[in-house]
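The values are calculated or read from the model by the stated rules, or taken from the named source; none is laboratory data. Please read these numbers as outputs of a predicted model, since none were measured by experiment. Here the Cβ positions follow ideal geometry from the backbone for every residue, glycine too, while neighbour counts run over all protein chains shown.
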Amino acid sequence: MNYKLAVLLAFVIFTPVLILLSWLLLILVDDPFKDFAYEVDIVSRVNRPPAKSNAAGQSRGIIPEEDGDADFQKFIKNSWKVFGLTLYFVCLFIITESYQAYANNESD
């Protein structure tokens, strides 16, 4: 196959996939963790500002004071996506390394 055609095909195939994946990660990981970081910042301050509100005027929930169990539950609820993504990357690493070891054994 012609090199320029191969580069064009790779660009056309992978660019929309990467844009879609980055958009999904923005929605599923980045935005919730920005909100979580904001809540942690508010709770850690001595003089707390008023609760942040979105464009519709609805106030976002603030982590409850003096409630360690609720803090932990909220952290787990907000961070399951990162744990899932980390598990995905670990599985991907294991699969690729297993395939590489298998391919090296086959060539011997």
**OP:** Could you list, in sequence order, all residues of segment 31-47 that are in contact (Cβ under 8 Å) with a residue 12 or more places away in the chain and either loosely packed, with under 11 Cβ neighbours inside 10 Å or of a type outside the set (A, V, I, L, M, F, W, C) (or both)?
**Re:** PRO32, ASP35, TYR38, GLU39
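Residue check: is VAL29 assigned to a helix (DSSP H, G or I), in contact with a Lys or Arg (Cβ under 6 Å, 6 or more places away or on another chain) and at pLDDT 80 or above? Please lay out each step first, then the result.
Details: assigned to a helix (DSSP H, G or I): yes; in contact with a Lys or Arg (Cβ under 6 Å, 6 or more places away or on another chain): yes; at pLDDT 80 or above: yes.
Yes, satisfied.
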